[in-house]
Amino acid sequence: MQPIAAPLLQWFDANKRLLPFRQEPSAYHIWVSEIMLQQTRVAAAIPYYERFIAALPDPAALAACEPDALRKLWQGLGYYNRVNNMQKAARIVCEQYGGDLPADYDALRSLPGIGDYTAGAASIAFGIPVPAVDGNVLRVFARLYNDDADVMAPATKKAFTVRVLDQMPKATPGPYNEALMELGALVCIPGTPHCEECPLADLCRGYAAGRADPLPVKPAPKAKGKVPVTVALIESEQGLLLQRRPARGLLAGLWQPAAWEKALTRDELTAALAGIGVQAALDEPLPPAKHVFTHKIWELGGWKGTAPACVLPDGYVWAAPEDLAEVYPVPNAFGAYVKAK
């Protein structure tokens, strides 16, 4: 393969998007943006990024943030383990590195929630000559080399990473990594790429072979298990009944309407609520909804009702509308019934 850096960087200079985390490319800004973008499209992530940075401008602020306030800032992005790990990492950064992310790949890689790709993205801030290989970059290199190896296999990713590093200009690793990501996001997209706009089309073996569209090769996704979830949307004069999820596991520590991961009849749900001291009148069935997680699908349903305000056990609260909007982070899984504020 001929060198790709020169035409790639020329294209990037002329076509890169003006994104907020590129205006001030500090290591902290890049870290926050890359964690957000792991499961979120750029356009959707930008307002969250701007709000997050305004509230928590540096690792010290992130480390000190109260957990519910932190999850509230993240509400709507999902995959809350990402922000929980960010806070753990920020505390280590403050304790061990004086509040600044370390300019060292191995040190970055050792922090909670930072893998090979995110540590590699640090090259953008620090100029470290290491690759940042995400799905966009894997797709670009599968097509460039006309390689139909399974890009989800660790051996394939390792081989592609070697190719990325071989092509990296040692003087400008950051712009090179950014340019590859941008090419995959704007031109070498999944499905049918915009090969007519690609600065590497003349070098691309997949394009020459007429095989760009089906590359890269990925295994068929595994079927997700379906889990019934019965929701009780109960209002009192003090607000909406919320339940805190366990400190570990799925949606750890977030707040939700009272819910049980099983199918309950109306009478069974009434009895379950009575078990926590809530004497509810269930008036209206909730419309069916579903939420897709990485490994399973919640099939939601339940009842809407009212109850007299009462003293609740630990882990339950009556949330007034203003507190629901500002204090309690409710995951999108319950978005059909409780809208994120």
Of the listed residues (A125, A142), the one being part of a helix (DSSP H, G or I), open to solvent by less than 20 Å² (accessible area, probe 1.4 Å), in contact (Cβ under 8 Å) with a residue 60 or more places away in the chain and not hydroxyl-bearing (S, T, Y) is A142
Filtering the range 112-122 down to residues that are assigned to a loop (DSSP other than H, G, I, E, B) and farther than 14 Å from A27 by Cα yields P112, G113, G115
Checked the range 316-339 for anything touching a residue at least 60 places away in the same chain (Cβ under 8 Å) and either of a type in the set (A, V, I, L, M) or surrounded by fewer than 13 Cβ atoms within 10 Å (Cβ to Cβ) (or both); matches are V317, A319, A320, P321, L324, E326, V327, V330, A333, V338
TODO: Please tell me if K290 is of a type outside the set (S, T, Y) and either in a strand (DSSP E or B) or open to solvent by less than 20 Å² (accessible area, probe 1.4 Å) (or both).
DONE: yes
Scanning the range 146-165 for residues that are part of a loop (DSSP other than H, G, I, E, B) and open to solvent by less than 40 Å² (accessible area, probe 1.4 Å), the one nearest to I4 (Cα to Cα) turns out to be D147
Checking E197, E182 in turn, the sole residue that is surrounded by fewer than 16 Cβ atoms within 10 Å (Cβ to Cβ), charged (D, E, K, R) and either in contact with a Lys or Arg (Cβ under 8 Å, 6 or more places away or on another chain) or modelled with pLDDT of 95 or more (or both) turns out to be E197
Scanning the range 237-261 residue by residue, those within 20 Å of A281 (Cα to Cα) and open to solvent by 20 Å² or more (accessible area, probe 1.4 Å) turn out to be E237, Q238, Q243, W260
Here the residues within the range 166-179 that are in a loop (DSSP other than H, G, I, E, B) and open to solvent by 60 Å² or more (accessible area, probe 1.4 Å) are K170, A171
Conditions (1) over 19 Å from C195 (Cβ atoms); (2) part of a loop (DSSP other than H, G, I, E, B); (3) open to solvent by 50 Å² or more (accessible area, probe 1.4 Å) -> P131 fails only (3)
With respect to L108, determine if the residue is in contact (Cβ under 8 Å) with a residue 12 or more places away in the chain and either out of contact with any Pro (no Cβ under 9 Å at 6 or more places or on another chain) or in a helix (DSSP H, G or I) (or both).
-> yes
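The values are calculated or read from the model by the stated rules, or taken from the named source; none is laboratory data. From a predicted model like this one, the values you see are computed outputs, not experimental measurements. Because the Cβ atoms are built from the backbone with ideal geometry, glycine has one as well, and the counts that use them run over all protein chains shown. What goes into the accessible areas is simple: the full protein's heavy atoms, side chains included, and nothing from ligands, DNA or RNA. Shrake-Rupley method; radii C 1.70, N 1.55, O 1.52, S 1.80 Å.
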